[in-house]
1. Within 16 Å of ligand 3 (Cβ to nearest atom), part of a helix (DSSP H, G or I), among the hydrophobic types (A, V, I, L, M, F, W, C) and within 14 Å of another protein chain (Cβ to nearest Cβ), is that true of A:Val115?
2. What is the number of the single condition among (1) closer than 21 Å to A:Asp117 by Cα; (2) of a type in the set (D, E, K, R); (3) away from DNA strand D (no atom under 16 Å from the Cβ) that B:Arg106 does not meet?
3. Only one residue in B:Ile194, B:Ile234 is closer than 22 Å to B:Ala123 by Cα, among the hydrophobic types (A, V, I, L, M, F, W, C) and more than 14 Å from chain A (Cβ to nearest Cβ). Which one?
4. Looking at the stretch A:23-44, is at least one residue more than 16 Å from ligand 3 (Cβ to nearest atom), under 18 Å from the mean Cα position of the chain (by Cα) and at negative phi?
5. Restricting attention to the stretch B:244-257, which residues are over 16 Å from B:Pro202 (Cβ atoms) and touching a Leu at 6+ places or on another chain (Cβ under 9 Å)?
6. Would you mind stating whether A:Val203 is closer than 30 Å to A:Val115 by Cβ, out of contact with any helix residue (DSSP H, G or I) (no Cβ under 6 Å at 6 or more places or on another chain) and β-branched (Val, Ile, Thr)?
7. Hey, any hits in the stretch A:18-41 for a residue that's near DNA strand D (Cβ under 9 Å from one of its atoms) and among the polar types (S, T, N, Q)?
8. For the stretch B:1-112, please list each of the helices (runs of 4 or more DSSP H) lying entirely inside it that holds at least 3 residues being within 14 Å of another protein chain (Cβ to nearest Cβ), surrounded by 20 or more Cβ atoms within 10 Å (Cβ to Cβ) and within 16 Å of ligand 4 (Cβ to nearest atom).
Number of protein chains: 2
Amino acid sequence: MTRTETLSESLEDYLETIFLLIREKAVARSRDIAERLKVSRPSVTGALQALAERALVNYEPYGHVTLTPAGEVEAKRVVRRHGVLKDFMVKVLSIGEAEADATACRMEHAVSKNVVDRLVEFAEFVETCPRAGAKWVHGFGYRCQEAAADPSQQSCERCIEQCLTDVKKRKQKGNKTIASATLKDLKPGERGQIERLLGGGPVKRRIADMGVIKGSLVEVVRVAPLGDPIDIKIKGYHLSLRKEEAAGIAVSRLPEK
Amino acid sequence: MTRTETLSESLEDYLETIFLLIREKAVARSRDIAERLKVSRPSVTGALQALAERALVNYEPYGHVTLTPAGEVEAKRVVRRHGVLKDFMVKVLSIGEAEADATACRMEHAVSKNVVDRLVEFAEFVETCPRAGAKWVHGFGYRCQEAAADPSQQSCERCIEQCLTDVKKRKQKGNKTIASATLKDLKPGERGQIERLLGGGPVKRRIADMGVIKGSLVEVVRVAPLGDPIDIKIKGYHLSLRKEEAAGIAVSRLPEK
DNA sequence: TAAGTATGTTAGGCAAGTCTAATAAATACT
DNA sequence: AGTATTTATTAGACTTGCCTAACATACTTA
Ligand SMILES: [Mn+2]
Ligand SMILES: [Mn+2]
Ligand SMILES: [Mn+2]
Ligand SMILES: [Mn+2]
């Protein structure tokens with residue numbers, strides 16, 4: 001009877017993998033866990049027993065593995081950390097998908113919620129602040145790929161000019177430009193900024209608890225065929241909303257990329 | 001005879017600690033290593049034996065511990081990763097010193113040189129690009145500390161105005177404003193941007209190998225009493241230069257903070 | 001329904017990393 | 001110099017996490 005208060009990196013990975021397998025394939029088989037984690041099947045059995053002892057999975061020999069509520073909470077935490085770190089590396093630092101993914105899966109065990117939250121904040125700030133903005137970030141990525149070429153004194157001048165004209169344009173068009181919409185209207189891949197949360201149901205609370213405020217970024221990940229469960233990503237959290245719930249979230253569309 | 005090609009997180013930490021102790025106190029005693037790493041003394045002995053087997057430290061029972069050249073290289077790598085991650089968290093993300101330090105020491109084992117380099121690039125870009133700049137970063141930190149207060153629509157306007165006036169000023173004053181100096185002229189704590197590397201000695205090569213280009217940030221960390229060994233930080237690397245060498249590096253001063 | 005195959009578990013072993021208790025060496029103090 | 005104290009090492013044990021080989025169960029299919 002060992003009472004290890006904190007979860008080891010290894011067990012966090014098992015939890016993460018189980019969660020993702022269940023999400024993707026409806027069921028997490030020992031075989032698949034082993035394959036994903038590049039580990040032998042007996043190792044998986046061992047891990048499942050350890051997780052069961054900690055009441056994070058429901059497990060009995062030869063039976064189906066499911067996550068307990070506590071296990072799901074823990075798994076989601078890991079998944080979020082992984083996602084946030086990966087996104088930051090890919091979108092802000094211009095690291096390649098594969099490397100970002102692998103690195104994120106190692107870093108995810110080291111960062112606190114605090115740091116992750118701040119990272120999300122910063123990435124959003126960088127992507128949406130008119131003084132920086134998507135183009136600016138993209139410029140950094142470009143600069144990186146071009147490496148040492150062009151110490152950017154020249155292009156820096158051009159960059160500022162561009163920024164000035166952009167801001168002027170924005171001012172001329174004024175605030176009314178923002179075609180107001182609700183989350184329900186966005187298509188997969190589209191992103192928007194929260195304008196406000198209509199209606200005060202449990203969704204509002206759930207979302208507010210995540211640190212979402214006016215101006216927060218939200219991205220529609222997937223919309224089910226009938227438009228009902230809408231998967232969104234917000235503050236690094238993955239969320240599944242019903243159509244009516246999504247209709248209660250006013251957003252302003254954001255340009256792609 | 002075990003040949004583990006890659007160093008474990010644990011051994012990296014021992015190496016890091018030994019390196020820092022030697023730098024600070026001239027000698028790394030088993031007792032101090034144990035204390036810093038919060039580990040028992042026998043554990044240290046074990047680690048030293050493991051490191052000695054890998055030819056990373058010079059070790060014999062009851063003797064002084066020193067790093068072999070290979071060990072020093074490895075240790076410096078770890079120290080740099082730690083420093084870069086910590087700096088990013090403190091300066092860009094506005095995470096507190098203590099938490100940043102602890103987190104950096106866990107993340108340092110997970111990030112590749114590639115990611116660290118990119119992180120340095122990005123932090124420099126963010127701090128020096130006129131469209132972002134130190135004030136802008138600071139604004140983000142401030143926003144974070146103020147938390148949910150002020151979704152920044154208001155202050156965003158003000159921020160842009162400020163940026164515009166700043167850029168205008170910069171233009172009026174023109175390029176001649178940049179009081180050219182050399183690294184030798186900077187005081188501890190001051191930062192500058194590399195203008196060019198005068199003279200083509202080995203220093204130039206050493207520095208160029210680190211990815212330093214025109215525009216790279218450099219910070220003077222410490223200057224010895226007689227002004228001779230000058231400690232600088234550049235691209236996350238720690239470097240010690242002689243006075244003459246520092247005099248060969250043309251920089252433009254950067255405003256504090 | 002009776003193989004035959006795929007999947008999962010047990011048994012046994014090993015390496016890394018940590019600990020405590022006991023011992024040895026080095027250093028500091030009369 | 002001789003004892004006390006500090007510092008370092010050895011011995012032995014334990015935990016975690018991984019492995020291979022052998023066995024058990026579940027699913028497939030003839
Ligand atoms: Mn992981
Ligand atoms: Mn992961
Ligand atoms: Mn560390
Ligand atoms: Mn460290």
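What follows is calculated from the coordinates using simple rules that are stated; it is not laboratory data. Worth saying up front: this structure is predicted, and the values here are computed from it rather than measured. Cβ sites come from the backbone with ideal geometry, for glycine too, and all protein chains shown count toward neighbours.
1. yes
2. Unmet condition: (3).
3. Unique residue meeting the criteria: B:Ile234.
4. Looking for residues that are more than 16 Å from ligand 3 (Cβ to nearest atom), under 18 Å from the mean Cα position of the chain (by Cα) and at negative phi, one finds at least one in the stretch A:23-44, hence yes.
5. Hits for the stretch B:244-257 are B:Ala250, B:Val251, B:Arg253, B:Leu254.
6. No; evaluated as a whole, the condition is false for this residue.
7. yes
8. Passing ranges, in order: B:69-87, B:97-107.
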